[in-house]
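Student: The structure's right below; bear with me while I get my questions together.
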Amino acid sequence: MRTIWLSTLMLVALNFCWPHAAVAATCDAGNGGIHLPAGFCATVFADNLGVARHLAVNSNGDVYVALQSLHDGSGIAALRDTKHKGHADVIKYFGADVGTGIGIHDGYLYFASDTEILRYKLVPGRLLPDPKPQVVVSGFPVQHEHSAKTMAFDQSGHLFVNVGAPSNACQHQDRVAGSPGINPCPLLAQHGGIWEFDADKLNQVFGKDGGRYATGIRNAVAITWNKQAGFLYALQMGRDQLYGNWPKLYSEAQSAELPAEEFMLVKRGENFGWPYCYYDQLQKKLLLEPEYGGDGKETGDCARYGQPILAFPGHWAPEAVLFYNGDAFPAAYRNGAFVSFHGSWNRAPLPQAGYKVVFVPFTGARPAGGYQVFADGFAGEKIIPSPRSARFRPMGLAEGPGGALYIGDSQHGRVWRVVFKKGT
């Protein structure tokens, strides 16, 4: 009887741990169309979900995907792998709104449309949450560009929300050649920064509740809280059309590479200088924008603004950032940051670039050097003329309970589950 009892306990323990162990050993041929470092492999967890934006993974492994367009009247996809093979065999949709931001906090699934933050009560054992959403924050301004709201949570119950600027460089006439910038820029009162709210309080209103946490950030769709360092991080999408609007100051080649996509450590009250300054990763300094008198070399008073902790080439379009907290990947990945790059239209006449996930090793609160490409091949094997020509465009990132990395694609709605094969 003792042997049977011990065997039963061992079986229960194995069944409890089995979902992660079994999935970790599973790979798709060709990793579902992407390239990964040696020792890593991927399964296509789900496909053809719709225009997938950010991802969130629950503690039981259920995956939730924010959609930018409705799928049969719903804006969120819910995925479950009941067979523990690295593929979602249950896919359901819910929610009446579309959006980008999504996250799990204190038993709720939070979802961000372009104008409000909602939350759904997660029900233990069920894939779908309570169908009736609660309003956390409403009243975000309606805007024609950079409208996506994304969010992050710290460990003290604060909710951080990106509010992008509906502008390229706060010109009198947006994106018109030679139009000067407005000084001071009135958009900064309600845009171009990160706002802070109470994550657990309902019916907050933008402009009345909460407050601005940081400013001078054109648009930071990629935003997260690093619980190990205890800081908020974001990546800014740099301005467009340096050559198109200022052809006497910039060549087409310069305009394709500039300005940098900035990786920022964001502290309360900080100002990163948009729209007055941009970061030149080649000269390694903030320069005065041409709309405000700059010529590609003049620094003006830009040194007084917040500096990036790392800079990427222009127009790669950072969409998500994730600090890896698991132990399923090699030790070098612990507490480092994965960043997804979606690709952008504003690199002509140079070839398209971005369309990859990179890894940034960290020491403490700052990068330990540069970055390395982690996942590539999303766009396909040939040079592509425009973003629409890309086979896939990496978007959302999330970490699963067993340490797997989930990568989403906005082009077709594919989700990959990336694992490390121990012993390789």
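The values are calculated or read from the model by the stated rules, or taken from the named source; none is laboratory data. As the structure is a computational prediction, the values presented were derived from the model and not from experiment. Every residue, glycine among them, receives a Cβ derived from its backbone with ideal geometry; neighbour counts consider all protein chains shown.
Student: Criterion first (closer than 30 Å to Ala78 by Cα and of a type in the set (Phe, Trp, Tyr)) does Tyr333 satisfy it? Please lay out each step first, then the result.
Tutor: Details: closer than 30 Å to Ala78 by Cα: yes; of a type in the set (Phe, Trp, Tyr): yes.
So Tyr333 passes the test.
Student: For Val44, only one of the following conditions fails: (1) at pLDDT below 95; (2) closer than 18 Å to Arg417 by Cα. What is its number?
Tutor: Result: Val44 passes all but (1).
Student: I've got another one for you. Could you go through the stretch 381-398 and let me know if any residue there is touching a helix residue (DSSP H, G or I) at 6+ places or on another chain (Cβ under 7 Å) and over 22 Å from Val221 (Cβ atoms).
Tutor: no
Student: Moving on. Count, please, the residues in the stretch 256-280 that happen to be of a type in the set (Phe, Trp, Tyr), within 29 Å of Gly336 (Cβ to Cβ) and either touching an Asp or Glu at 6+ places or on another chain (Cβ under 8 Å) or in a strand (DSSP E or B) (or both).
Tutor: First, pick out the residues of the stretch 256-280 that are of a type in the set (Phe, Trp, Tyr): 263, 272, 274, 276, 278-279.
Restricting the remaining residues to those that are within 29 Å of Gly336 (Cβ to Cβ) gives 263, 272, 274, 278-279.
Applying the additional criterion that residues be either touching an Asp or Glu at 6+ places or on another chain (Cβ under 8 Å) or in a strand (DSSP E or B) (or both) yields 263, 272, 278-279.
Number of matching residues: 4.
Student: Does Val176 satisfy the criteria of being surrounded by fewer than 20 Cβ atoms within 10 Å (Cβ to Cβ), at pLDDT 95 or above and in a strand (DSSP E or B)? Walk me through how you get there before you give the answer.
Tutor: Values: surrounded by fewer than 20 Cβ atoms within 10 Å (Cβ to Cβ): yes; at pLDDT 95 or above: yes; in a strand (DSSP E or B): no.
Taking the combined requirement at face value, the residue does not satisfy it.
Student: Tally the residues that are free of Cβ contacts under 8 Å to residues at least 40 places away in the same chain and of a type in the set (Phe, Trp, Tyr), restricting the search to the stretch 324-333. First the steps, then the outcome.
Tutor: Within the stretch 324-333, the subset free of Cβ contacts under 8 Å to residues at least 40 places away in the same chain is 331-333.
If we keep only those that are of a type in the set (Phe, Trp, Tyr) too, we end up with 333.
Final tally of qualifying residues: 1.
Student: Continuing with this model, one more query. Within the stretch 400-422, is even one residue surrounded by fewer than 21 Cβ atoms within 10 Å (Cβ to Cβ) and among the acidic types (Asp, Glu)?
Tutor: No - not one qualifying residue is present in the stretch 400-422.
Student: Somewhere in the stretch 232-250, is a residue out of contact with any Leu (no Cβ under 7 Å at 6 or more places or on another chain), among the basic types (Lys, Arg) and crowded, with 16+ Cβ neighbours inside 10 Å? If you could, list the steps in order and put the result at the bottom.
Tutor: Quick first cut of the stretch 232-250, residues out of contact with any Leu (no Cβ under 7 Å at 6 or more places or on another chain) only: 232, 234-241, 243-249.
Checking which are among the basic types (Lys, Arg) leaves us with 239, 248.
Narrowing further to those that are crowded, with 16+ Cβ neighbours inside 10 Å: 239.
Within the stretch 232-250 (the criterion being out of contact with any Leu (no Cβ under 7 Å at 6 or more places or on another chain), among the basic types (Lys, Arg) and crowded, with 16+ Cβ neighbours inside 10 Å), the answer is yes, since at least one residue qualifies.
Results for (1) in contact (Cβ under 8 Å) with a residue 24 or more places away in the chain; (2) in contact with a Leu (Cβ under 7 Å, 6 or more places away or on another chain); (3) in a loop (DSSP other than H, G, I, E, B), shown as yes or no for each residue.
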| residue | (1), (2), (3) |
| --- | --- |
| Leu282 | yes, no, yes |
| Gly300 | yes, yes, yes |
| Gly314 | yes, yes, yes |
| Leu322 | yes, yes, no |
| Ser340 | yes, yes, no |
| Trp345 | yes, no, yes |
| Ala348 | yes, no, yes |
| Ala353 | yes, no, yes |
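Residues checked against (1) touching a strand residue (DSSP E or B) at 6+ places or on another chain (Cβ under 7 Å); (2) part of a loop (DSSP other than H, G, I, E, B); (3) under 23 Å from Leu67 (Cβ atoms); (4) not hydrophobic (A, V, I, L, M, F, W, C):
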site	(1), (2), (3), (4)
Phe111	yes, no, yes, no
Asp130	yes, yes, yes, yes
Val137	yes, no, yes, no
His144	no, yes, yes, yes
Gln155	no, yes, no, yes
Phe160	yes, no, yes, no
Ala169	yes, yes, no, no
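Student: If you take the residues of the stretch 393-412 that are at negative phi and outside any strand (DSSP E or B), which of them is farthest from the chain's Cα centre (by Cα)?
Tutor: Going residue by residue through the stretch 393-412, those that are at negative phi are 393-402, 404-412.
Now narrow it down to the ones that are outside any strand (DSSP E or B): 393, 400-402, 404, 410-412.
On the way: Arg393: 12, Gly400: 16, Pro401: 19, Gly402: 21, Ala404: 17, Ser410: 12, Gln411: 15, His412: 17 Å.
That would be Gly402.
Student: Tell me, yes or no, whether the stretch 279-297 has at least one residue that is touching a helix residue (DSSP H, G or I) at 6+ places or on another chain (Cβ under 6 Å), closer than 24 Å to Gly369 by Cβ, crowded, with 20+ Cβ neighbours inside 10 Å and of a type in the set (A, V, I, L, M).
Tutor: Yes, some residue in the stretch 279-297 is touching a helix residue (DSSP H, G or I) at 6+ places or on another chain (Cβ under 6 Å), closer than 24 Å to Gly369 by Cβ, crowded, with 20+ Cβ neighbours inside 10 Å and of a type in the set (A, V, I, L, M).
Student: Within the stretch 355-397, can you find the residues that are touching a residue at least 24 places away in the same chain (Cβ under 8 Å) and of a type in the set (Asp, Glu)?
Tutor: Of everything in the stretch 355-397, just one residue is touching a residue at least 24 places away in the same chain (Cβ under 8 Å) and of a type in the set (Asp, Glu), namely Asp376.
Student: To continue, here is another question. Among the strands (runs of 3 or more DSSP E) contained in the stretch 51-107, which hold 1 or more residues that are farther than 26 Å from Gln155 by Cα?
Tutor: Numbers: elements: 52-57, 63-71, 74-80, 90-94, 101-105.
So the answer is 52-57, 63-71, 74-80, 90-94.
Student: Please determine, by comparing only the residues of the stretch 59-75 that are within 17 Å of Leu397 (Cβ to Cβ) and touching an Asp or Glu at 6+ places or on another chain (Cβ under 9 Å), which one is surrounded by the most Cβ atoms within 10 Å (Cβ to Cβ). Write out each step before concluding.
Tutor: Residues of the stretch 59-75 within 17 Å of Leu397 (Cβ to Cβ): 61-68.
Among the residues that remain, those that are also touching an Asp or Glu at 6+ places or on another chain (Cβ under 9 Å) are: 61-63.
Numbers: Gly61: 20, Asp62: 23, Val63: 25.
Taking the candidates together, the pick is Val63.
Student: If we keep just the residues of the stretch 307-359 that are charged (D, E, K, R) and buried (at least 18 other Cβ atoms within 10 Å of the Cβ), which is nearest to Pro387 (Cα to Cα)?
Tutor: First, pick out the residues of the stretch 307-359 that are charged (D, E, K, R): 319, 327, 334, 347, 356.
Subset that is buried (at least 18 other Cβ atoms within 10 Å of the Cβ): 319, 347, 356.
Details: Glu319: 14, Arg347: 10, Lys356: 13 Å.
My answer is Arg347.
Student: Acidic (Asp, Glu), assigned to a strand (DSSP E or B), touching a residue at least 24 places away in the same chain (Cβ under 8 Å) and closer than 26 Å to Pro387 by Cβ: does that describe Glu291?
Tutor: no
Student: Of all residues being out of contact with any strand residue (DSSP E or B) (no Cβ under 9 Å at 6 or more places or on another chain) and either among the basic types (Lys, Arg) or at pLDDT 95 or above (or both) in the stretch 364-390, which is nearest to His342 (Cα to Cα)? Just the residue, please.
Tutor: Going through the stretch 364-390, the residues out of contact with any strand residue (DSSP E or B) (no Cβ under 9 Å at 6 or more places or on another chain) turn out to be 364, 380-390.
Adding the requirement that they be either among the basic types (Lys, Arg) or at pLDDT 95 or above (or both) leaves 364, 382, 388.
Working: Gly364: 27, Lys382: 17, Arg388: 11 Å.
Among residues in the stretch 364-390 that are out of contact with any strand residue (DSSP E or B) (no Cβ under 9 Å at 6 or more places or on another chain) and either among the basic types (Lys, Arg) or at pLDDT 95 or above (or both), the one nearest to His342 (Cα to Cα) is Arg388.
Student: Being within 18 Å of the chain's Cα centre (by Cα) and buried (at least 22 other Cβ atoms within 10 Å of the Cβ) is the filter here, so list the residues in the stretch 114-141 that pass it.
Tutor: Ile117 - this is the single residue of the stretch 114-141 that is within 18 Å of the chain's Cα centre (by Cα) and buried (at least 22 other Cβ atoms within 10 Å of the Cβ).
Student: Could you look through the stretch 363-378, keep only residues that are under 18 Å from the mean Cα position of the chain (by Cα) and either in a loop (DSSP other than H, G, I, E, B) or of a type in the set (A, V, I, L, M, F, W, C) (or both), and pick out the one that is surrounded by the fewest Cβ atoms within 10 Å (Cβ to Cβ)?
Tutor: Per the stated criteria, the residue is Val373.
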